[in-house]
Amino acid sequence: LAGLAALMGHLAGWGFIACAGLITFDVVARNTVGFSSQSTTELSGYALAFGIAWGLAHALARRAHVRIDLLVMKLPAPVRPWLHLLAMAFLLGFAATLTW
């Protein structure tokens, strides 16, 4: 699973590079030859959404969320499971709100 998350993270990075290339092409083409693809905003929005989701999956698999891990590791061990349950409850509430 960690290998899949790493692949997703690398593909997300290449997606960001492709998004930057598409935007650069569109800006240069618009200013030089008057051509615009008319879909740069939509395509880059999708690319950024996938990139963020897949990059976060990679960070989660590597336990690379420095701010949260630092805070959790400073707390006493008996408190940690309750905070994880609270975080899951908030996530469930957020997902339910989006679904509704």
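Values for this structure:
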{"item": "1.4 Å probe accessible area per residue over the chain, in Å²", "result": "81 Å²"}
{"item": "Cα lying deepest toward the dipole's positive end in the range 1-82, options 24, 2, 34, charges on Cβ", "result": "2"}
{"item": "Under the span-like rule (Cα at least 30 Å along the axis, Kyte-Doolittle mean at least 0.0), DSSP H helices of the chain", "result": "2-32, 40-61"}
{"item": "Share of carbon and sulfur in the accessible heavy-atom surface of the chain [1.4 Å probe, %]", "result": "76 percent"}
{"item": "Theoretical FRET efficiency, 1/(1+(r/R0)^6), r = Cβ-Cβ of residue 92 and residue 1, R0 30 Å, to 0.05", "result": "0.85"}
{"item": "Fully extended contour minus Cα-Cα distance, from residue 74 to residue 56, at 0.36 nm per residue", "result": "4.2 nm"}
{"item": "Where N is the number of residues in the chain, Cα Rg divided by 2.2 N^0.38 Å", "result": "1.53"}
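The values are calculated or read from the model by the stated rules, or taken from the named source; none is laboratory data. On a predicted model such as this, the values are computed, not experimentally measured, just so you know. Cβ coordinates were reconstructed from backbone atoms using ideal geometry, including for glycine residues, and neighbour counts include every protein chain displayed. These area figures cover heavy atoms from the full protein model, side chains too; ligands, DNA and RNA do not enter into them. Shrake-Rupley method; radii C 1.70, N 1.55, O 1.52, S 1.80 Å.
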